[in-house]
Amino acid sequence: MTDAASRPNVIVSAAWLAPEAVAMLEEAGLAVRCTSGYPSEDELLSAIREHRPVAILHRQGIINGTVMDAAAPGLRL
């Protein structure tokens with residue numbers, strides 16, 4: 001498997017994700033990046049700028065239009 005830094009990123013809007021789910025995503029060639037629990041808009045925007053995700057797995061907190069607009073150029077899912 002390739003290094004996590006070279007794999008497409010998935011942002012999880014929560015402090016953790018079930019290990020089985022992380023394993024499935026990693027086996028699919030993705031790197032999983034969790035936020036804190038119930039992340040703020042600023043934290044989500046920072047994570048998007050840093051990781052440029054191809055997907056956001058929304059679990060906790062609020063994802064608004066500003067967050068989606070920031071992530072939209074690279075989102076596939």
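The values are calculated or read from the model by the stated rules, or taken from the named source; none is laboratory data. Since we're looking at a predicted model, the values are computed, not measured. We place every Cβ from the backbone using ideal geometry, glycine too, and count neighbours over all the protein chains shown. Note: areas computed on protein heavy atoms with side chains; ligands, DNA, RNA excluded. Shrake-Rupley method; radii C 1.70, N 1.55, O 1.52, S 1.80 Å.
Measure off, as a whole percent, the carbon and sulfur share of the 1.4 Å-probe accessible area of segment 9-71, all protein chains present.
54 percent
Once Rh for the chain is found with the Kirkwood sum over Cα pairs, what is the Stokes-Einstein diffusion coefficient at 25 °C and 0.890 mPa s, in µm²/s?
The diffusion coefficient I find is 198 µm²/s.
What is the dipole size for segment 9-71, taken about its Cα centre, with +1 at each Lys and Arg Cβ and -1 at each Asp and Glu Cβ, in debye to the nearest 20?
40 debye
Sorting check: for 59-65, 27-33, which peptide has the highest mean count of neighbouring beta carbons within 10 Å, and how do the rest follow?
In descending order of packing, they fall as 27-33, 59-65.
From the helices alone, meaning DSSP H stretches of at least four residues, give me the mean residue ellipticity at 222 nm for the chain, per-run term -39500 (n - 2.57), in deg cm²/dmol to the nearest 500.
-10000 deg cm²/dmol
Using Cα-Cα distances under 8 Å and only pairs 6 or more residues apart, what relative contact order does the chain have, in percent?
In percent, rounded to a whole number, it is 36.
Of A55, A21, A47, which is the most mobile in a GNM of the chain whose springs link Cα atoms less than 10 angstrom apart?
For the chain, modelled as a Gaussian network with Cα springs under 10 Å, the answer is A21.
For the chain, what is the accessible area per residue in Å² when the probe is 1.4 Å?
62 Å²
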